[in-house]
Amino acid sequence: MAAAAFSFLLLFLSLLSVSSVLGANFYQDFEITWGSGRGKILNNGDLLTLTLDRGSGSGFQSKNVYLYGKIDMQLKLVPGNSAGTVTTYYLKSQGSTWDEIDFEFLGNLTGDPYTLHTNVYTQGKGDREQQFHLWFDPTANFHTYSILWNPQGIIFSVDGTPIREFKNHESSGVLFPKNQPMRLYSSLWNADDWATRGGLVKTDWSRAPFTASYRNFNADVCVWSAGKSSCSSGARVGGRGWLSENLDITRQQRMKWVQRNYMIYNYCTDAKRFPQGYPPECALNTAA
């Protein structure tokens, strides 16, 4: 009964979140970077769509680069048989020792759930995967996927509900992304060699074209430009509270509930993968 009640609360919060996000203009904030016309900005800049067919996928990136931020994007994922497709939404810096904060949505057969894949890279090293199923159909309506990145840590949220926290444990020797500005990227592409059931289920090209939709990008960010941060000058884009935001007790409880009920993989519990011992952040924070 308690689980059902909380599930209803999550759905209610999802609806509130969807109605309250104020979107920016895609013409102003983003550029289509690949796909030969398969990415489109529509409705006077209020909607962006990415399409995948046998010829190519497509992608876009933000015009600005950020060093810390609180970023929301509403996505509606590929409906129906999306097996083999991957929709990505992530922050990434440049170079061979890059930092990266990942949302990836791995498609599946009709009726089977999407896998929401998260990861954090620091100085070119990832291997910090946590995967989830969702408590709703992410193809039926738009839902808000958020990244909070500040000096205290990284929080992944869905419709305002935190699902993962990666805390800054630099004082204990764990690398944390703090020095490399990151751009926001998104793409829709074919990954049927690994995306669905380890590559056993291939993309059904008879269902193409596949389309993912985006709206209501909202960002409170420190913009990095000409070697300087907009936050260091005091001229922030958006509010200031997010720079010191942490999870309060209520949000920690929500996150733990999601992880108990919807997490399907956690690198911090994969003993076969780490026979010599888990990464150090796993012992420092069980929700790392």
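List of remarks:
- Accessible heavy-atom area order of R164, R207, highest first, probe of 1.4 Å: R207, R164
- Normalised per residue, the accessible area of the chain is 45 Å², obtained with a 1.4 Å probe and no contribution from ligands, DNA or RNA.
- If you take the Cα centroid of the stretch 134-206 and the Cα centroid of the stretch 39-82, the two points sit 14 Å apart.
- Full-extension gain in nm, T250 to R54, via 0.36 nm per residue minus C-alpha separation: 66.0 nm
- Straight-distance crosslink candidates among aspartates and glutamates, where the alpha carbon sits under 16 Å from K256 and sequence neighbours closer than 8 are dropped: D159, E165, D248
- Computed magnitude of the charge dipole of the chain (debye, nearest 20; Cβ of K, R +1, Cβ of D, E -1): 180
- Sulfur and carbon atoms: percent of accessible area, the chain [1.4 Å]: 51
- Cα gyration tensor shape of the stretch 176-288, rounded if a/c is under 1.5, else prolate or oblate by comparing a/b with b/c: oblate
- Out-of-range pairs (alpha-carbon distance over 29 Å; input K70/K272; K167/K228; K76/K228): K70/K272; K76/K228
The values are calculated or read from the model by the stated rules, or taken from the named source; none is laboratory data. Remember, predicted model here, so these are calculated numbers, not experimental data. Don't worry about glycine lacking a Cβ; one is built from the backbone with ideal geometry, like all the others, and counts go over all protein chains shown. Quick note on the areas: whole protein, heavy atoms, side chains included, nothing else; ligands and nucleic acids left out. Shrake-Rupley method; radii C 1.70, N 1.55, O 1.52, S 1.80 Å.
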